[in-house]
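This report refers to the structure that appears directly beneath it.
The values are calculated or read from the model by the stated rules, or taken from the named source; none is laboratory data. None of these values were measured; they are calculated from a predicted model. Cβ coordinates were reconstructed from backbone atoms using ideal geometry, including for glycine residues, and neighbour counts include every protein chain displayed. Side chains are part of the model used for accessible areas, which takes the heavy atoms of the whole protein and leaves out ligands, DNA and RNA. Shrake-Rupley method; radii C 1.70, N 1.55, O 1.52, S 1.80 Å.
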Amino acid sequence: MVKGYMKYDVLRERLRHRVVTVLAGVVVFCTTYALILPAITLEKQCDIPEHTHTDACYAQVTSVEKRVPVCSAKTLEIHRHTADCYDANGNPTCGYADFVVHSHDSRCYDETGNLWCPLSEIEAHRHTADCYALPEGHTHAEGCYTSVRGDLVCGEHVHTDACYTETAVLACGLEESEEHQHDENCYETSRELTCGIDSDHSHTDACYEWEQVLSCDLPTDSAEDAQPVLVCTKPEIVLHRHTPDCFDADGNLICGQTQILEHRHSDACFEAVAEPVDTGKLTCTDTAHVHTARCYGTWELVCGQEEHTHSEACKPEETVFCGKDAHTHGEACRDENGELVCGTEEPPARTWRRRSYGSRPSRG
Ligand SMILES: [Zn+2]
Ligand SMILES: [Zn+2]
Ligand SMILES: [Zn+2]
Ligand SMILES: [Zn+2]
Ligand SMILES: [Zn+2]
Ligand SMILES: [Zn+2]
Ligand SMILES: [Zn+2]
Ligand SMILES: [Zn+2]
């Protein structure tokens, strides 16, 4: 505005008359233009070409792309131990794990929810302080004792052999004669209780004293210098990828670690495979017409165009506004020194405005 003001100031005296005349002309033009505006915009149309889809706009879908998992221990090149990988104790010493750390995620399941992932779920784990505990002092419990039978404490009489008197009784039923001489077989032993004590008691466990004897040899108090012991049952699985630094000059592994990698399926674990679709299946639900080729299978719009027919909505929203009712500083806007006093800002000579005058943003 400053620039405009200076320019105006310089030309003011010389061009005052002409400017006023020109401004008057502009006002007349603008009034006329505003009156014919609707007529002009009605004739203006949008740049979108008119288009109505025809059969030529469609192509039949003959195959769909399916993502097929191609990830396996083989594609991941997971190490497989050979006989050479083990030491005499059967522990692998090759420095490479024959598994990858993996936990199933949504990519491990196909679209029907079935797990296709052939990998085992193996969690990485490095023992932390929580994996160790101080050995606790042992407190003897019931199981630490064994019962030992002690003295008989029952005063009841239990008959023994000594309580009986045995007598031989002739039982053959024959008289001694020339044909029969009694021998051992002719006698039966008769047992008769002769102790004179009436008792049918026989000792049970309850008749004896029982002693609880400690059979546990665990120390009952924790030693002062006790070392924490590993109480974690998880195997330690620490992710590590061998780098050139893991090998010595002769190529021997010297890092002392096992290469354990983690695998999470990525796009590379899947392959796109074109699967043919049924192109002869009736997919049209319209029963009131004679089916055409497009009523079978699935068709895709390939014309790349949008359907468009020019209408009222095609009239451009923006239109030129001549600035008829906008403020242009005039004689009355300045004091005798030429300083602006009107307090209204002068807009740029030509502006693009919304056609709806009501929504004109207020200036200042
Ligand atoms: Zn089309
Ligand atoms: Zn190996
Ligand atoms: Zn998985
Ligand atoms: Zn642990
Ligand atoms: Zn007894
Ligand atoms: Zn290493
Ligand atoms: Zn994978
Ligand atoms: Zn049809």
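Only one residue in SER103, SER63 is small (Gly, Ala, Ser) and either at pLDDT 95 or above or within 16 Å of ligand 1 (Cβ to nearest atom) (or both). Which one?
The match here is SER103.
Filter the range 244-257 down to the residues that are open to solvent by 60 Å² or more (accessible area, probe 1.4 Å) and either touching a Pro at 6+ places or on another chain (Cβ under 7 Å) or assigned to a loop (DSSP other than H, G, I, E, B) (or both), then identify the one that is nearest to ligand 7 (Cβ to nearest atom).
GLN257
Given the conditions (1) without any contact (Cβ under 8 Å) to a residue 40 or more places away in the chain; (2) of a type in the set (Ser, Thr, Tyr); (3) touching a strand residue (DSSP E or B) at 6+ places or on another chain (Cβ under 9 Å), and given that THR233 satisfies all but one, which numbered condition is not satisfied?
With respect to (1) without any contact (Cβ under 8 Å) to a residue 40 or more places away in the chain; (2) of a type in the set (Ser, Thr, Tyr); (3) touching a strand residue (DSSP E or B) at 6+ places or on another chain (Cβ under 9 Å), THR233 is out only on (3).
Report yes if LEU301 is open to solvent by 80 Å² or more (accessible area, probe 1.4 Å) and touching a strand residue (DSSP E or B) at 6+ places or on another chain (Cβ under 8 Å), otherwise no.
yes
Against the definition (surrounded by 12 or more Cβ atoms within 10 Å (Cβ to Cβ), closer than 30 Å to GLU136 by Cβ and touching a residue at least 12 places away in the same chain (Cβ under 8 Å)), how does GLU156 come out, yes or no?
No.
Cβ contacts < 8 Å: first residue under 24 Å from SER63 (Cβ atoms), restricted to the range 275-291; second residue open to solvent by 100 Å² or more (accessible area, probe 1.4 Å) and not in a loop (DSSP other than H, G, I, E, B), any location; separation 6+ or different chain. Result?
Matching pairs, first to second residue: GLU275/GLU65.
Looking only at the range 90-114, filter to residues that are among the hydrophobic types (A, V, I, L, M, F, W, C) and within 19 Å of ARG264 (Cβ to Cβ); which one of those is farthest from ligand 6 (Cβ to nearest atom)?
If we take residues in the range 90-114 being among the hydrophobic types (A, V, I, L, M, F, W, C) and within 19 Å of ARG264 (Cβ to Cβ), then CYS108 is farthest from ligand 6 (Cβ to nearest atom).
Going through the range 70-89 one residue at a time, which ones are touching a residue at least 60 places away in the same chain (Cβ under 8 Å) and within 16 Å of ligand 6 (Cβ to nearest atom)?
HIS79
Rundown of residues vs (1) of a type in the set (Phe, Trp, Tyr); (2) away from ligand 4 (no atom under 16 Å from the Cβ); (3) at negative phi, yes/no style:
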{"position": "HIS79", "(1), (2), (3)": "no, yes, yes"}
{"position": "THR82", "(1), (2), (3)": "no, yes, yes"}
{"position": "ALA88", "(1), (2), (3)": "no, yes, yes"}
{"position": "ARG107", "(1), (2), (3)": "no, yes, yes"}
{"position": "ASP110", "(1), (2), (3)": "no, yes, yes"}
{"position": "TRP116", "(1), (2), (3)": "yes, yes, yes"}
{"position": "HIS125", "(1), (2), (3)": "no, no, yes"}
{"position": "ALA129", "(1), (2), (3)": "no, no, yes"}
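Could you check, for the range 306-318, whether at least one of its residues is surrounded by 14 or more Cβ atoms within 10 Å (Cβ to Cβ) and within 16 Å of ligand 6 (Cβ to nearest atom)?
There is no residue in the range 306-318 that is surrounded by 14 or more Cβ atoms within 10 Å (Cβ to Cβ) and within 16 Å of ligand 6 (Cβ to nearest atom).
Collect the residues in the range 100-128 that are closer than 30 Å to PRO235 by Cβ, open to solvent by 60 Å² or more (accessible area, probe 1.4 Å) and without any contact (Cβ under 8 Å) to a residue 60 or more places away in the chain, keeping them in residue-number order.
Passing the criteria: SER103, SER106, TYR109, ASN114, LEU115, PRO118, SER120, GLU121, THR128.
Can you find a residue in the range 143-150 that is farther than 30 Å from ILE237 by Cα, away from ligand 4 (no atom under 16 Å from the Cβ) and in a loop (DSSP other than H, G, I, E, B)?
For the range 143-150, residues farther than 30 Å from ILE237 by Cα, away from ligand 4 (no atom under 16 Å from the Cβ) and in a loop (DSSP other than H, G, I, E, B): absent.
Can you confirm whether GLU271 is surrounded by 13 or more Cβ atoms within 10 Å (Cβ to Cβ), within 24 Å of the chain's Cα centre (by Cα) and away from ligand 4 (no atom under 16 Å from the Cβ)?
Here the answer is no, as GLU271 does not meet what is asked.
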